[in-house]
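A quick write-up on the structure given underneath.
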Amino acid sequence: MAHQLFMNPEDLKYKPEVAQPASRAHYWKFVTGFLMIVVAVFAALWGLARYERLTGEQQIKKLADAMKQIDKEDYAAAVADTAGGKTPKETLQMYISALEKRDFALATQYFAGDAATKEAMSLKDIPVPRLLQIIDDLKKTMNEDAQCDPTGAECSFHYPISVDLRQYPNGIWKLSGI
């Protein structure tokens, strides 16, 4: 056979009966694959959200348990702490007496919790004339009546120095701020 230079015109014609079934099969495979990917992505996102929620709940529970433990320890320490008076004025008088003796370690024991550490730092470097002025002002403060909140668990003196006290669970009064 001789080499044919030109193509047969019949070969160039579009034949829909041949191309259409292959095209439809490819289309449905693509749609099915795409839908499966979308479903897989949504399932993964749902699973991730659920996992994060569960781990978040576990972290919140751990934090709540830790806070309960701290509260128990703080309560036990408060019950065991006996440094202070049976009334706000008695505690203030004990504090003034400790300052007059310059027994700052004892003076800080009349403070509640973290306030004791803060007070110890401030008393450490106080000049004597300033200390004497503070003692004099605290004595004047003791002459007024304490103003207590409705529960009676916190009281304050306001003049000339503001003094705040709170009652511990064992009934002892502690200074919470000056």
Qualifying residues in the range 115-145 (those that are closer than 20 Å to Asp81 by Cβ and in contact with a helix residue (DSSP H, G or I) (Cβ under 7 Å, 6 or more places away or on another chain)) - the one modelled with the lowest pLDDT: Ala120
Here's a check for you: in the range 100-114, which residue that is assigned to a helix (DSSP H, G or I) and at pLDDT 90 or above is surrounded by the fewest Cβ atoms within 10 Å (Cβ to Cβ)? Ala105
Check Lys89 against each of (1) free of Cβ contacts under 8 Å to residues at least 40 places away in the same chain; (2) touching a strand residue (DSSP E or B) at 6+ places or on another chain (Cβ under 9 Å) and name the one condition it does not meet. (1)
Sole miss for Ala44 among (1) in a loop (DSSP other than H, G, I, E, B); (2) at pLDDT 80 or above; (3) small (Gly, Ala, Ser) is condition (1)
Filter the range 119-144 down to the residues that are of a type outside the set (A, V, I, L, M) and over 37 Å from the mean Cα position of the chain (by Cα) and list them by number. Pro127, Pro129, Arg130, Gln133, Asp136, Asp137, Lys139, Lys140, Asn143, Glu144
Within the range 54-99, which residues are modelled with pLDDT of 90 or more, assigned to a helix (DSSP H, G or I) and under 30 Å from Ile134 (Cβ atoms)? Pro88, Lys89, Glu90, Thr91, Leu92, Gln93, Met94, Tyr95, Ile96, Ser97, Ala98, Leu99
Quick one: in the range 139-178, of everything that is acidic (Asp, Glu) and in a loop (DSSP other than H, G, I, E, B), which residue is surrounded by the most Cβ atoms within 10 Å (Cβ to Cβ)? Glu144
Examine the range 125-134 for a residue that is within 16 Å of Asp103 (Cα to Cα) and either in contact (Cβ under 8 Å) with a residue 12 or more places away in the chain or in contact with a Pro (Cβ under 6 Å, 6 or more places away or on another chain) (or both), and state whether such a residue exists. yes
Residue check, Tyr51 hydroxyl-bearing (Ser, Thr, Tyr), at pLDDT below 85 and either in contact with a strand residue (DSSP E or B) (Cβ under 8 Å, 6 or more places away or on another chain) or over 30 Å from Asp136 (Cα atoms) (or both): no
Return only the number of the condition from (1) closer than 20 Å to Leu165 by Cα; (2) surrounded by fewer than 10 Cβ atoms within 10 Å (Cβ to Cβ) that Pro127 does not satisfy. (1)
List pairs: first residue in the range 146-158 and within 12 Å of Leu175 (Cβ to Cβ), second residue of a type outside the set (D, E, K, R) and part of a loop (DSSP other than H, G, I, E, B) anywhere in the structure, Cβ distance under 8 angstrom, at least six positions apart or on different chains. Cys155/Ala146; Ser156/Ala146; Ser156/Ser162; Phe157/Ala146
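The values are calculated or read from the model by the stated rules, or taken from the named source; none is laboratory data. Because the structure is a prediction, the values reported are computed rather than measured. Here the Cβ is made from the backbone with ideal geometry for all residues, glycine too, and neighbour counts use every protein chain on show.
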